[in-house]
Amino acid sequence: MKFRLSLLIMSLVTLNFLLACGSDPTPIPSQPPAPNLAAAVPDPTISDPGSLVVYSGRSESLVAPLIETFAESSGIDVKVKYGKTAELASTLLEEGSNSPADVFYAQDPGGLGAVESLLSNLPGPTRELAPEWAKSPSGLWIGVSGRARVLVYNPENLKEADLPKDLESLTDPKWKGKLGWAPTNGSLLTMVTGLRSEWGDARTLEWVKGLVDNDINIFPKNTPQVAAVAAGEIDIGLVNHYYLYRFIAEEGDEFSARNYHLPNGGPGSLVMVSGAGVLKTAENNENAIKFINFLLSPVAQSYFANQTYEYPLIDGVKTHRLLTPLEDVVQPDIKLSELSDLEGTVELLRSGGALP
């Protein structure tokens, strides 16, 4: 989906934005500004607002318009390195104190947890912008949007009553050859890390082996899984909730796939966050904080709700009509800060035959 920056920036002074959602433009709801919205964008009269280096585990097609909005509004020279969250986390660990990054903007909490030793404490006013469940208890990173794990299925081929009630049921032979997942995807890795946290490694390994024995189809990422479900090539895909809504926005409500939130909860219903933290070695610490504050401002939160179909994390932002209310999702009792051992999860997936 192509976003136009000109639709985002309506006024640098008042920060009144309108965000288009497919063919149905959705204005940002009228609401009071976040407590520190004024601090989110520097004074445009400052002759040199400085620079900022962001390592982004969110894809360029999703967040580039938002980052460009921040840069255009603030005058800050923002440079972005895009990549997969796990790969960027590894890069940061390799670079150590020599990293040029100021901010790590990660797809999931696992990536942030993996580099916690490199992050500095966020200031109190910034930490207060997101709910407790969506941030590091030690104040080292903060969530900026919510992302739920779901099963995507084709209602023309399956009735909801026929769907499994939990993840373990996917190892049933009746699903042989009919499932899909993306085992290298950061969100899938985080979900499996959640399984390890709740089930333990032995039970999780047996589940992985069960899926492999069930000839689960491997995809490079989530988008082609949703397309494969709609085309009838597989019955069920393990994805994040918002991929479906991008297809519906482009192709209409008749698109042949729907999301299913597991009624028995567990890690398969995990609501993760994309989030951000500031490097201890950041040369542009002040601008880094302003950027994170901006991501948690009404402007950015409405962008997430209406353009990327994610859950906003601040009060007063209306979610998209297609989203299942967050309170209706049966979430597991797993702390996001416990999902940092991605390396251990990769090794477990290799042991189970899911990764080479």
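The values are calculated or read from the model by the stated rules, or taken from the named source; none is laboratory data. These numbers were taken from a predicted model, which means no experiment stands behind them. Note that we place each Cβ from the backbone using ideal geometry, even for glycine, and neighbour counts take in every protein chain shown.
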For residues that are more than 20 Å from PHE219 (Cα to Cα) and basic (Lys, Arg), scanning just region 308-356, find the one that is surrounded by the fewest Cβ atoms within 10 Å (Cβ to Cβ).
ARG321
Tell me, yes or no, whether region 163-174 has at least one residue that is of a type in the set (A, V, I, L, M, F, W, C), part of a loop (DSSP other than H, G, I, E, B) and either under 28 Å from the mean Cα position of the chain (by Cα) or not assigned by TED's automatic domain parsing to the domain that holds GLY277 (or both).
yes
How many residues are of a type in the set (D, E, K, R) and in a helix (DSSP H, G or I) when one looks only at region 190-246?
8
Subset of region 232-280 that is over 21 Å from the mean Cα position of the chain (by Cα) and among the charged types (D, E, K, R) - its residue that is nearest to LEU93 (Cα to Cα)
LYS280
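If you take just the helices (runs of 4 or more DSSP H) that sit entirely in region 79-128, which of them hold at least 1 residues that are touching a strand residue (DSSP E or B) at 6+ places or on another chain (Cβ under 9 Å) and under 27 Å from VAL346 (Cα atoms)? Before the answer, list the steps.
Working: elements: 85-95, 109-114, 124-127.
In region 79-128, 85-95, 109-114 are the helices (runs of 4 or more DSSP H) which contain 1 or more residues that are touching a strand residue (DSSP E or B) at 6+ places or on another chain (Cβ under 9 Å) and under 27 Å from VAL346 (Cα atoms).
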List pairs: first residue in region 223-244 and closer than 17 Å to GLU310 by Cα, second residue acidic (Asp, Glu) anywhere in the structure, Cβ distance under 8 angstrom, at least six positions apart or on different chains.
TYR242/GLU310
